[in-house]
1. Among the listed pairs Lys30/Lys102; Lys31/Lys130; Lys101/Lys130; Lys136/Lys215; Lys101/Lys215, give every one whose C-alpha distance is greater than 28 Å.
2. Please report the Cα spread of region 123-189 along all three principal axes, rounded to whole Å, starting with the longest.
3. Over region 147-233, what percent of the accessible surface lies on carbon and sulfur atoms, probe 1.4 Å?
4. Where a ≥ b ≥ c are the square roots of the eigenvalues of the C-alpha gyration tensor, would you call region 183-289 rounded, which needs a/c under 1.5, or, failing that, prolate if a/b is larger than b/c, or oblate?
5. Just tell me which aspartates and glutamates come within less than 15 Å, Cα to Cα, of Lys170; anything on the same chain fewer than 8 places away is out.
6. Between rounded, prolate and oblate, where does region 222-276 land on the alpha carbon gyration tensor, with a ≥ b ≥ c its root eigenvalues, rounded for a/c under 1.5, else prolate if a/b exceeds b/c?
7. Would you mind computing, in nm to one decimal, how far apart the modelled labels at Gln196 and Asp219 are, each placed 7 Å from Cα along Cα→Cβ?
8. Starting from the Cα gyration tensor of region 112-159, take the square roots of the eigenvalues, sort them a ≥ b ≥ c, and report rounded, prolate or oblate (rounded when a/c is under 1.5, otherwise prolate if a/b is larger than b/c, else oblate).
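The values are calculated or read from the model by the stated rules, or taken from the named source; none is laboratory data. Predicted, not measured: the structure shown is a model, and the values here were computed from it. With ideal geometry, Cβ positions are generated from the backbone for all residues, glycine too; neighbour counts draw on all protein chains shown. Ligands, DNA and RNA are stripped out before the accessible areas are found, and what is left, the full protein with its side chains, is counted by its heavy atoms. Shrake-Rupley method; radii C 1.70, N 1.55, O 1.52, S 1.80 Å.
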Amino acid sequence: MKRSLILMFLAASLILSGCGPEVVATVNGKKILATDLNRRFEIIKLQNQAGGAELTDEEAGKLKEDILDSLIDETLLIAYAAAENIGATSEEVSSKLDEVKKSFASEGDFLSKLKENGLTLEFLGEEIRKSLIYEKVFPKVTEGFELSEDDFNSAIEEAQTKHILLDDEKTAKEVLDKLKAGGDFAALAGEYSKDQGSAANGGDIGWASRYGLVKEYGDVAFSQDLNVISEPTQSRFGWHIIVTLGKRAPTLSGQEEAALRSEVTEVKKGEEFEEWLKELREEADIKINRKADVELDEESDVESNEKIDNKSNK
């Protein structure tokens, strides 16, 4: 699920509540409040700060857009579960809550952490309930999925690539122009690439399977001819300029193949689940409140409304 619902649900066991009563969106009439969006924003922001990273204003705006997308997905999923009589019992919630408590030295430490971050047991229990519901909906939606041999072989095919990773499209195009003018790839990778590990090796990241690469990168790496310099390609890491150096089918032992087949199956199930959720969004009546007191990125907000406020345009 987009931006990982499980991550969103479990992350909420860590930090604080937001503020403001505004409605930022409605999904088939169900309200999404600014308090929910702000709470999750603070969770992720503080996680970034704990790792030593500070969000820029642009990154903060994009993060709020991503969180709103996740809240929309969450609302659709919970509504589907209710219609299908899928829920989580109080016993299941209590059992999962006990697991969370065991990660602390004592129950006193656990309760102190909740209080420190402005959380209540009731709130945490509700987030756990949603996570358990997701865990039940996923196998129902993907029930009967069978991995085809073509999909498996395509997923495990390996490519050797090199890339230059840039912060923005403008810089990526400037570097691409230098390459087209005869610039040395390794030298430009060393000078410009954000991926310092591969930059030290001329941009070479070695061999990787399609499912082992971020999707946008893998789509380019496996579709283009060898030794061709790609156009700038955006992923969640930034903008890539990619060259595919080689492609091969791996040689696997029986045990390795079985393990990979299981991994690829789960990846493909996840893709099937994403498509199912996308269909729910396309059929839903989703409205964004631009006047809510939440700093959503204006450009991204326009694109989002054109994309998701679709039912009225049918």
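1. On the way: Lys30/Lys102 35 Å; Lys31/Lys130 16 Å; Lys101/Lys130 18 Å; Lys136/Lys215 26 Å; Lys101/Lys215 36 Å.
Table pairs above 28 Å Cα-Cα are Lys30/Lys102; Lys101/Lys215.
2. Principal-axis extents of the Cα atoms in region 123-189, largest first: 56, 41, 16 Å.
3. Working: 2010 of 4520 Å².
On region 147-233, the fraction of accessible area on carbon and sulfur atoms equals 44 percent.
4. Working: a/c = 2.60, a/b = 1.29, b/c = 2.02.
In terms of gyration-tensor shape, oblate.
5. Cross-link targets: Glu231.
6. On the way: a/c = 3.09, a/b = 1.34, b/c = 2.31.
Verdict is oblate for region 222-276.
7. Modelled inter-label distance: 3.1 nm.
8. Numbers: a/c = 9.26, a/b = 2.41, b/c = 3.85.
Judged from the Cα gyration tensor, region 112-159 comes out oblate (a/c at least 1.5, b/c at or above a/b).
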